[in-house]
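We did not get these values from a lab; they are worked out from the coordinates using the rules stated. These figures come from a predicted structure and were not determined experimentally. Counting neighbours? That spans all protein chains shown, and the Cβs are built from the backbone with ideal geometry, glycine included.
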């Protein structure tokens, strides 16, 4: 009895891996070995960067809040401390969105933080 050929399975595996390498440059998109290495590296980067994305967005929010707070005569730390004293429970994401899209509301929050 003849042994089973691994050809179809190997082709499927190679095709799936090359599909993941779409958009890569040079031989990394169409040479099986190079594409496999590139895909493996890309998966490692994506795992790492899912963690880093959270940090980067937090840094962006803090920078936006700081800029808006300084326009209203407060530093970031005094603004956040004032909000905490005034029992205003808004997270940094929401505060950054308010600072960006609605400066009047942010100015009112800054006044609340100053008076607290």
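Summary of computed values
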quantity: 222 nm mean residue ellipticity, helices alone, for the chain (DSSP H n ≥ 4; -39,500 (n - 2.57); rounded to 500); calculated: -25000 deg cm²/dmol
quantity: C-alpha long axis of helix 92-101 to longest principal axis of the chain, angle in °; calculated: 70
quantity: Cβ-based exposure ranking for 94, 88, in which fewest neighbours within 10 Å come first; calculated: 94, 88
quantity: Protection-proxy order for peptides 28-39, 52-63, each taking the mean of Cβ atoms within 10 Å per residue, highest first; calculated: 28-39, 52-63
quantity: Correct option for Rg/Rh (Cα atoms, Kirkwood Rh) [calculated from the coordinates] among (1) 1.41; (2) 1.01; (3) 1.08; calculated: (1)
quantity: Average Cα contact separation per residue, the chain, under 8 Å, 6 or more apart, as relative contact order %; calculated: 19
